[in-house]
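Okay, structure first, notes after.
The values are calculated or read from the model by the stated rules, or taken from the named source; none is laboratory data. Predicted model only: the values in this text are computed from it and were never measured. Here the Cβ positions follow ideal geometry from the backbone for every residue, glycine too, while neighbour counts run over all protein chains shown.
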Amino acid sequence: MDVISARDLPGLFHAWQTVFSEQREFLIALDGKVGDSDLGITMNKAFAAASEAVSKEEEGATIAKILRTAGVIMAKTAPSTMGTLTATGFIRASKALERASVLGTKEVAKFWRAFAVGVADRGKAQVGDKTLLDVLDPIAASLEIAAASGEDLVNALSAATLVAAHALENTKSMVAQHGKAAAFQDKTRGLQDAGATVGFLILQTMRDFVASKTPM
Amino acid sequence: MDVISARDLPGLFHAWQTVFSEQREFLIALDGKVGDSDLGITMNKAFAAASEAVSKEEEGATIAKILRTAGVIMAKTAPSTMGTLTATGFIRASKALERASVLGTKEVAKFWRAFAVGVADRGKAQVGDKTLLDVLDPIAASLEIAAASGEDLVNALSAATLVAAHALENTKSMVAQHGKAAAFQDKTRGLQDAGATVGFLILQTMRDFVASKTPM
Amino acid sequence: MKKFLNDPEDFVDEMLDGIYRAHPQLTYVAEDRRCMVTAKPRTGKVGLATGGGSGHLPLFLGYVGEGMLDGAAVGGVFQSPSAEQMYEVTKHIDQGAGVVYIYGNYTGDIINFDMAAELADLDGIKVTQVVGNDDIASSIVGEEHKRRGVAGIFFVFKAAGAAAAEGLSLDEVTRIADKARLRTRTIGVALSSCVVPEIGHATFSIGPDEMEIGMGIHGEPGISRKKLAPADSVIDEMMERVFAEQSFSDRDEVAVLVNGLGGTPKEELYILFRRVSQLLGVRGVQAKHVWIGEFATAMEMAGASISILHLDEELDRLIGAPANTPFFSHYKA
Amino acid sequence: MKKFLNDPEDFVDEMLDGIYRAHPQLTYVAEDRRCMVTAKPRTGKVGLATGGGSGHLPLFLGYVGEGMLDGAAVGGVFQSPSAEQMYEVTKHIDQGAGVVYIYGNYTGDIINFDMAAELADLDGIKVTQVVGNDDIASSIVGEEHKRRGVAGIFFVFKAAGAAAAEGLSLDEVTRIADKARLRTRTIGVALSSCVVPEIGHATFSIGPDEMEIGMGIHGEPGISRKKLAPADSVIDEMMERVFAEQSFSDRDEVAVLVNGLGGTPKEELYILFRRVSQLLGVRGVQAKHVWIGEFATAMEMAGASISILHLDEELDRLIGAPANTPFFSHYKA
Ligand SMILES: Nc1ncnc2c1ncn2[C@@H]1O[C@H](COP(=O)(O)OP(=O)(O)O)[C@@H](O)[C@H]1O
Ligand SMILES: Nc1ncnc2c1ncn2[C@@H]1O[C@H](COP(=O)(O)OP(=O)(O)O)[C@@H](O)[C@H]1O
Ligand SMILES: [Mg+2]
Ligand SMILES: [Mg+2]
Ligand SMILES: [Mg+2]
Ligand SMILES: [Mg+2]
């Protein structure tokens, strides 16, 4: 699979749905340590609703249209911090890919940059504040480099996933500045950020989806 | 000790206070089985207050006056079912002994009859309803017989205590008709009535008090 | 015991101190905080007094105020106040028109209110008594006189309070209180125990997945203990017993009280009311007045009760009348 | 989990169904029960909207009514409602005079209210925002913008609601809401956890003899966890932190809210208030308005919070003004 086409997207959303259903309890537990335990529930709901909505899109819907549908339904279904930020991410990605007919490395880089900028605009967090942004920004940067150097999609995503894993690991040393976790202050040190974990999982699933359809 | 004089009464009230302080937890547990667990608390309070009030009576106070003082303070201090019934008992005994200068067998019989009638009037229970009355009535009857046959005080009280122990045992086979226990219906069968236990203890303490002051 | 307490013995008196500090419309007589009366008595009005154990806020004293009661004798936790305290309240609230005692059917309270009424009678104060016995779980039909008084007494307070505020006579107010009493049925369900401060441990034990239908507000046993069922089926079972005793015709009107026993969140009370409303709807019965919240509690007990008052025109008017007490306000619609 | 529930997923919607059945003065828009608005809008009045997670009744929706708010967007348990729901409420309650959003300082809510305000702006509706951050335990002085909003938001609703009812302009109502916000401090203490229905077990664990001062209403950690102390010393410790932030002069006046978190009996809240009142008395500060009960809960959590609003003449007038909502009524004294 060199590129993700509009017709592939329902499959990708289905993969996301599966992952966030499998990771439900894990994310509840993670958010429970320094938060309110709802992350697993809301992410599961968000992607289940998105996957269902996307599967009902008309034949011929554009990539932008599909991403927008996903974002809008997520915002409705899961208006928690992460639900809304993720929804914002998809809606911004949709805008950035208004004219895209497929998602190659360049477009995927645009997707993640728009996603990251959207989250930053909406949440007003800084890199280093121990949020989702701390994986989104490195992911986008890694993909931009890959795009500039003409890397193919599966390799670009694989590299970005490594970067994201590393970035996620880095959140352990940070102290939460936003959301419910901020109240836990120093106790958040040593724990990986729950929202960043979601960011990592979204990317990893995208990579696995592309890899599984790419002959080795 | 052939008779209880007015001057002995503070000692008797002190003995009651001691017994109901010792039996506090036992009565809480007993009332807890088919009631609201307050009996130990209220009886302890009632007799502590009565003992204190009685100890402050003026020199030369009559038996009637002392019993009345005890009853009135009990009614104030412990207005639960048993507190009020016991208070009523003492107040009625006071009235019945208006002119008594000592408590011999005859007067003690009057004391318990008046006590029993007072409780019956106030509580409107029948003998057999599994209440305090189920020991008060046999106690009064036993003492009346002893008085008629000229029995001395310690023997009369000893006999009445045996009767009361038997009567208390009999309450086990009854089903409660009054108070909070009534709600437990058949579950009250097999349990001795809490209020009747108090009645028994009042009498037994009176007997022990007299016996302890009587040379064998 | 997880309680905000100082010395458990001071529980009631410190609570009362807090109440008088918070609510200047309440005061007390006989230099006894437990003899509570309204600070704004109304000349010529029939006086309404209640009394009973503490631990049930807003019952009993919480309903002293405009359009409701004039005084309350306050007992220890789950214990009757004394006859003397009731008598002091009675003397103070009598405005020449007599006094109605409205309280729950518990031996301790009856004995003491009887004594107080005798004392008041010696002073020439006319006293009538209406003894709430709305708890249908506590005795069978035909033995209603054995039933305990629980949350439904709120309707009796409300109807009698409005009647007295309208200036009706002692006989009329008594008649109305009695009618409200006779037309009210309550059934409760408990999920957990409560703790009496001076005792310090749970009054009774109940399994982590059990409920007891019909449990009393002092932990008296109910009709059946079983596994906690979905909310709708709990209500179905409870309301079946209510409907067995109240025969409704299409278009009849009722007042509904969904009462939390203390530890149950309001959210759940509304889930329960939803089902009550559905069941009434099926019978064509209209819930004309609805109150949902805590009206008669058992300290921190988790659980709820449903009270249904079968309205007639007179009760409809009185139940809907305005009232304003520190614990309960009602604007006329 | 000891709850009256059907399917936990239906918790919020069944609760809302119960609320609409009980209180016809409330209705909803956009065919979405979670978009609650008053059934009696007043033309020309500044609209007041709130929103937030469920599980805090009477917060948030309970204050929709006369003299208080006009609409509330209702989220899942402890979860923000969506921007779209807020936007629907906004459109409906705007009477041409603009809308003030008053809600608590939580990321999820902020993000969504911001989005809603942007949407409303596109429609030409003027929206201002006042974000409650009264919980002094949740961040230090100087970092007040990080503080959570808890029960003290009640005072902001009350002051802003009365100001809007008086017919003041959007700017004025916003100024007043912001003043009430800035002059309010809250501190809480928790004794037990709560259970989110869809999660089904305790949100956090706390020892049988422990308390946590400063815990948030979703179980966010507080300042210190220690052995439960006598009620008076708990209040002494809490109020010390309040007094450190509010400087009172002799004869200053305050409004006091003693709020139960859900599982704590009212009796205990009055014992707590007693001590608060003593401490204010020592400083010569008068508790001019006092409310004691459940105003912002965390389901069945045992615990309480104290909110103090430092009054000025304007706030005194507005806090004392009448209000009438399904969950809160206040008669003018
Ligand atoms: N202001 C913010 N900007 C970006 N991300 C944030 C912000 N605040 C919180 N987050 C992310 O949200 C995650 C928590 O999400 P969620 O559980 O949905 O929050 P809540 O339960 O408080 O609504 C955090 O782990 C963090 O990554
Ligand atoms: N009507 C009655 N007449 C006489 N005794 C009664 C009556 N009702 C209850 N009792 C007695 O009172 C006892 C319970 O006393 P107590 O615990 O003080 O009651 P409560 O807690 O209900 O006020 C019962 O065991 C019974 O002996
Ligand atoms: Mg969370
Ligand atoms: Mg008892
Ligand atoms: Mg008792
Ligand atoms: Mg959340």
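Where strands (runs of 3 or more DSSP E) sit wholly within segment D:10-116, those with at least 2 residues that are under 19 Å from the mean Cα position of the chain (by Cα) occupy D:35-38, D:47-54, D:71-77, D:99-104.
In segment A:18-25, the condition of being within 16 Å of ligand 3 (Cβ to nearest atom) and more than 14 Å from every other protein chain (Cβ to nearest Cβ) is met by at least one residue. Comparison of D:ASP135, D:ASP121, D:ASP114 shows that the only residue that is within 11 Å of chain A (Cβ to nearest Cβ), surrounded by fewer than 24 Cβ atoms within 10 Å (Cβ to Cβ), more than 16 Å from ligand 3 (Cβ to nearest atom) and not β-branched (Val, Ile, Thr) is D:ASP114. For segment A:117-137, the tally of residues that are in contact (Cβ under 8 Å) with a residue 40 or more places away in the chain, surrounded by 23 or more Cβ atoms within 10 Å (Cβ to Cβ) and of a type in the set (Gly, Ala, Ser) stands at 1. Of the set (1) crowded, with 19+ Cβ neighbours inside 10 Å; (2) within 14 Å of ligand 3 (Cβ to nearest atom); (3) at pLDDT 95 or above; (4) not small (Gly, Ala, Ser), all apply to A:LEU9 but (2). Here B:GLY32 does not fit the description of being modelled with pLDDT under 95 and outside any helix (DSSP H, G or I). None of C:ALA190, C:ALA231, C:ALA162 is assigned by TED's automatic domain parsing to the domain that holds C:SER54 and buried (at least 21 other Cβ atoms within 10 Å of the Cβ) except C:ALA162.
Here's the yes/no breakdown for (1) charged (D, E, K, R); (2) more than 14 Å from chain C (Cβ to nearest Cβ); (3) in contact (Cβ under 8 Å) with a residue 24 or more places away in the chain:
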{"position": "D:ARG175", "(1), (2), (3)": "yes, yes, no"}
{"position": "D:VAL189", "(1), (2), (3)": "no, no, yes"}
{"position": "D:SER193", "(1), (2), (3)": "no, no, yes"}
{"position": "D:THR203", "(1), (2), (3)": "no, no, no"}
{"position": "D:ILE206", "(1), (2), (3)": "no, no, no"}
{"position": "D:ASP209", "(1), (2), (3)": "yes, no, no"}
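Would you be able to say whether some residue in segment C:60-71 is within 14 Å of ligand 5 (Cβ to nearest atom) and either away from chain B (no Cβ under 13 Å) or farther than 24 Å from C:ARG175 by Cβ (or both)? No, because not a single residue in segment C:60-71 is within 14 Å of ligand 5 (Cβ to nearest atom) and either away from chain B (no Cβ under 13 Å) or farther than 24 Å from C:ARG175 by Cβ (or both). Under the condition of being crowded, with 19+ Cβ neighbours inside 10 Å and within 15 Å of D:VAL258 (Cβ to Cβ), the residues counted in segment D:283-292 number 4. For segment C:244-255, the criterion of a residue being buried (at least 19 other Cβ atoms within 10 Å of the Cβ) and within 9 Å of chain D (Cβ to nearest Cβ) is satisfied by no position. In segment D:36-64, of all residues being small (Gly, Ala, Ser) and buried (at least 24 other Cβ atoms within 10 Å of the Cβ), the one that is nearest to C:GLY293 (Cα to Cα) corresponds to D:GLY62.
Taking the conditions (1) within 17 Å of the chain's Cα centre (by Cα); (2) within 22 Å of D:ILE136 (Cα to Cα) in turn, D:LEU311 satisfies each one other than (1). Within segment C:71-121, the residues that satisfy the criterion of being within 15 Å of ligand 2 (Cβ to nearest atom), at pLDDT below 95, of a type in the set (A, V, I, L, M, F, W, C) and touching a helix residue (DSSP H, G or I) at 6+ places or on another chain (Cβ under 8 Å) are C:VAL77, C:MET115. Residues being within 11 Å of another protein chain (Cβ to nearest Cβ) and modelled with pLDDT under 95 are entirely absent from segment A:88-111.
Selection over segment B:118-138 of residues that are more than 20 Å from C:ASP109 (Cα to Cα) and within 13 Å of the chain's Cα centre (by Cα) gives a count of 5. Here is the figure for segment D:147-179: residues that are in a helix (DSSP H, G or I), of a type in the set (Lys, Arg) and over 15 Å from D:ALA97 (Cβ atoms) total 2. Return the residues of segment C:266-301 that are out of contact with any strand residue (DSSP E or B) (no Cβ under 9 Å at 6 or more places or on another chain) and at the interface with chain D (Cβ under 8 Å from one of its Cβ atoms); say none if nothing qualifies. C:ILE271, C:ARG274, listed by residue number. Selection over segment A:34-50 of residues that are more than 10 Å from chain D (Cβ to nearest Cβ) and either crowded, with 23+ Cβ neighbours inside 10 Å or within 12 Å of ligand 3 (Cβ to nearest atom) (or both) gives a count of 5.
Checked against (1) away from chain C (no Cβ under 12 Å); (2) of a type in the set (S, T, N, Q); (3) surrounded by fewer than 24 Cβ atoms within 10 Å (Cβ to Cβ), D:GLN25 meets all criteria but (1). The number of residues in segment A:138-164 that are in contact (Cβ under 8 Å) with a residue 24 or more places away in the chain and farther than 19 Å from A:MET82 by Cβ comes to 15. What about A:ALA183, is it in contact with a Phe, Trp or Tyr (Cβ under 8 Å, 6 or more places away or on another chain) and within 14 Å of another protein chain (Cβ to nearest Cβ)? Criteria not met by A:ALA183.
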